[in-house]
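The values are calculated or read from the model by the stated rules, or taken from the named source; none is laboratory data. Keep in mind the model is a prediction, meaning the values are calculated, not measured. Here Cβ is always computed from backbone atoms with ideal geometry, including for glycine, and neighbour counts include all displayed protein chains.
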Amino acid sequence: MGGFFGITSKKECLVDVFFGVDYHSHLGTRRGGLAAYDEKIGLQRKIHNIENSPFRTKFEDDLNEMRGSAGIGCISDTDPQPMLIRSRSGAYAISTIGIINNASELIEEILSDGGHFDAMTAGRVNSTELVAALINRKSTFAEGIKYAQDKVKGTLSILMLKENGHLVAARDKLGRIPIIIGKGEDGYSVTFESFANTKLGFTNVRELGPAEIVEISPDDGIVQLAPPQKEMRVCAFLWSYYGFPTSTYEGINVEIMRYKNGEILAQYDKEKGRAQDLDYVGGVPDSGTPHAIGYANASKVPFARPYIKYTPTWARSFTPANQLQRSKIAKMKQIPVHDLIADKNLLFVDDSIVRGTQLKETVDFLYSHGAKSVHMRSACPPIMYGCKYLNFTRATSDLELITRRTILELEGEEGFNHLEEYSNAETERGRKMRDAICKKFNFASLEFQSLEGLIKSIGLEPCKLCTYCWNGKE
């Protein structure tokens, strides 16, 4: 996925930029980067690989070398960034979030016009450099950003640091991901995660609207370069999965949404008389935990943590590139609390069920420690489509999804013509899919949040939410 953070200030601010970027570490595991502007030094940049070490440890020494009254940084799950670029509009550092689905087409277009790129491994082109090449085709940054966003098929949000210390921020055309501006005593901040602003002494003053572009400086404040458009498709997964619990997007807090989501799941189970003989409700750590708290509160079943993840050494199980190694680490991290598992009827809530690989291992682990039954609930509807708007999943094919694979086994490709029925727990096809997944994973029962329940827990109008991965509607 990825996230960025920046500050423009009247005073030295790089330490605050460093901490602001570090607060986005949950959004990516591949690269981290910082860029700074100092009146005497000019633009500076550092990029490090963070696949096996956290952002903080890789950049602590750089704080002794870099300085500036303005800076930006990013956590990237794709290519190294920020990039330093020189153009006819001046030099700048740039960081991007999103995905470019037509990169090959755009690269060929630029090359055919005499442009060039610095090649990466296997001749690949850095996606942020590609965006900069598109921006540089126009005479102003605002025109260039709008041009780039029009050309890109996918999603593109941008944060730039100009050679005069000003920031330029542009939210993607449909507002799928947030950009939030904070105001402090000496300047302004720009962030993906709202809590990063408040922890560093900035007051959140506004969120950019879809396609809105602003230039920000300590003296001139926030200057709008392009107005927002009305149409919005903010990603619903922000609240259910990858947003940090303390963040607020579009006025809605992530943690509160997750409690409501769990409550709705519990109410549905009660109405249907399912999974009522339970000893404990738990969350699949960590993002499933608040959904489970909501479920426990509504069902009056005690919340418990029958197993704990050991995270001091391996904070994220999917960091290693090798799947076998990732699976081994995930298994080693699960430490049981025997008295909360043995002879107990357990219900777990996970934020979502995508492939199901690690979930099966978790359930087998619980049964091996004496669980009487393990019920599973997903805080999201069945995922039927791989996301084509954001880069937050490793799925390369829809058939990697447990739902699609199960449907193929049940009905062949004909089943893909009935995905809406399979999503609905009240249909014959919907029950068959759930029963088949239960048999695969040895669940005592399985249910998914409904799309209506998810939207209700968020509280935004349905037309403002992107729900493509569940219903395929753009």
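Structural remarks
- With a requirement of 2 or more residues that are touching a residue at least 12 places away in the same chain (Cβ under 8 Å) and under 30 Å from Ala371 (Cβ atoms), the helices (runs of 4 or more DSSP H) lying completely within region 391-474 that satisfy it span 402-411, 419-423, 428-441, 451-458.
- Meets criteria (small (Gly, Ala, Ser) and within 21 Å of Gly71 (Cα to Cα)) for Gly123: no
- Set Leu43, Leu106: member being in contact with a strand residue (DSSP E or B) (Cβ under 9 Å, 6 or more places away or on another chain) and within 15 Å of Met160 (Cβ to Cβ): Leu43
- Listed here are the strands (runs of 3 or more DSSP E) enclosed by region 167-212 that have at least 1 residues being touching a helix residue (DSSP H, G or I) at 6+ places or on another chain (Cβ under 9 Å), under 27 Å from Lys388 (Cα atoms) and not acidic (Asp, Glu): 167-170, 180-183, 187-191.
- Within region 138-151, restricting attention to residues that are without any contact (Cβ under 8 Å) to a residue 40 or more places away in the chain and surrounded by fewer than 17 Cβ atoms within 10 Å (Cβ to Cβ), the residue that is nearest to Gly114 (Cα to Cα) is Tyr147.
- Number of positions in region 3-25 that are out of contact with any helix residue (DSSP H, G or I) (no Cβ under 6 Å at 6 or more places or on another chain) and either closer than 19 Å to Asp79 by Cβ or not assigned by TED's automatic domain parsing to the domain that holds Gly187 (or both): 4
- Filtering region 353-390 to residues that are outside any loop (DSSP other than H, G, I, E, B) and aliphatic (A, V, I, L, M) leaves Leu359, Val363, Leu366, Val374, Met376.
- Count of region 262-309 residues, restricted to those that are within 23 Å of Asp364 (Cα to Cα) and basic (Lys, Arg), is 3.
- Picking from residues in region 150-166 that are part of a strand (DSSP E or B) and among the aliphatic types (A, V, I, L, M), the one that is nearest to the chain's Cα centre (by Cα) is Leu156.
- Strands (runs of 3 or more DSSP E) wholly inside region 37-94 containing at least 1 residues that are out of contact with any Phe, Trp or Tyr (no Cβ under 6 Å at 6 or more places or on another chain), small (Gly, Ala, Ser) and closer than 18 Å to Phe18 by Cβ: 70-76
Each row is one residue, and each column tells you yes or no for (1) under 24 Å from Gly28 (Cα atoms); (2) within 18 Å of the chain's Cα centre (by Cα); (3) not assigned by TED's automatic domain parsing to the domain that holds Met376.
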| position | (1), (2), (3) |
| --- | --- |
| Thr191 | yes, yes, yes |
| Gly201 | no, no, yes |
| Val205 | no, no, yes |
| Pro210 | yes, yes, yes |
| Ile216 | no, no, yes |
| Pro227 | no, no, yes |
| Phe244 | yes, yes, yes |
| Tyr249 | yes, yes, yes |
| Glu263 | no, no, no |
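Yes/no matrix, rows are residues, columns are (1) more than 23 Å from Asn297 (Cβ to Cβ); (2) modelled with pLDDT of 95 or more:
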| residue | (1), (2) |
| --- | --- |
| Ala211 | yes, yes |
| Gly262 | no, yes |
| Gly273 | no, no |
| Gln276 | no, no |
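- Filter pass, Glu400 being more than 21 Å from the chain's Cα centre (by Cα), acidic (Asp, Glu) and assigned by TED's automatic domain parsing to the domain that holds Arg274: no
- Hits in region 78-94 (condition: within 16 Å of Phe117 (Cα to Cα) and either among the basic types (Lys, Arg) or in contact with a helix residue (DSSP H, G or I) (Cβ under 9 Å, 6 or more places away or on another chain) (or both)): Asp79, Pro80, Gln81, Pro82, Met83, Ile85, Arg86, Ser87, Ile94
- Unmet requirement for Ser240, which otherwise passes all of (1) surrounded by 23 or more Cβ atoms within 10 Å (Cβ to Cβ); (2) assigned to a strand (DSSP E or B); (3) touching an Asp or Glu at 6+ places or on another chain (Cβ under 9 Å): (2)
Here is a yes/no grid of residues against (1) surrounded by fewer than 21 Cβ atoms within 10 Å (Cβ to Cβ); (2) hydroxyl-bearing (Ser, Thr, Tyr); (3) modelled with pLDDT under 95:
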| site | (1), (2), (3) |
| --- | --- |
| Phe202 | no, no, no |
| Val205 | yes, no, no |
| Leu208 | no, no, no |
| Val214 | no, no, no |
| Gln229 | yes, no, no |
| Arg233 | no, no, no |
| Tyr249 | no, yes, no |
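For (1) crowded, with 20+ Cβ neighbours inside 10 Å; (2) of a type in the set (Lys, Arg), each residue gets a yes or a no:
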{"position": "Pro54", "(1), (2)": "no, no"}
{"position": "Gly71", "(1), (2)": "yes, no"}
{"position": "Leu84", "(1), (2)": "no, no"}
{"position": "Arg88", "(1), (2)": "no, yes"}
{"position": "Tyr92", "(1), (2)": "yes, no"}
{"position": "Ser95", "(1), (2)": "yes, no"}
{"position": "Ile100", "(1), (2)": "yes, no"}
{"position": "Glu108", "(1), (2)": "no, no"}
{"position": "Arg124", "(1), (2)": "no, yes"}
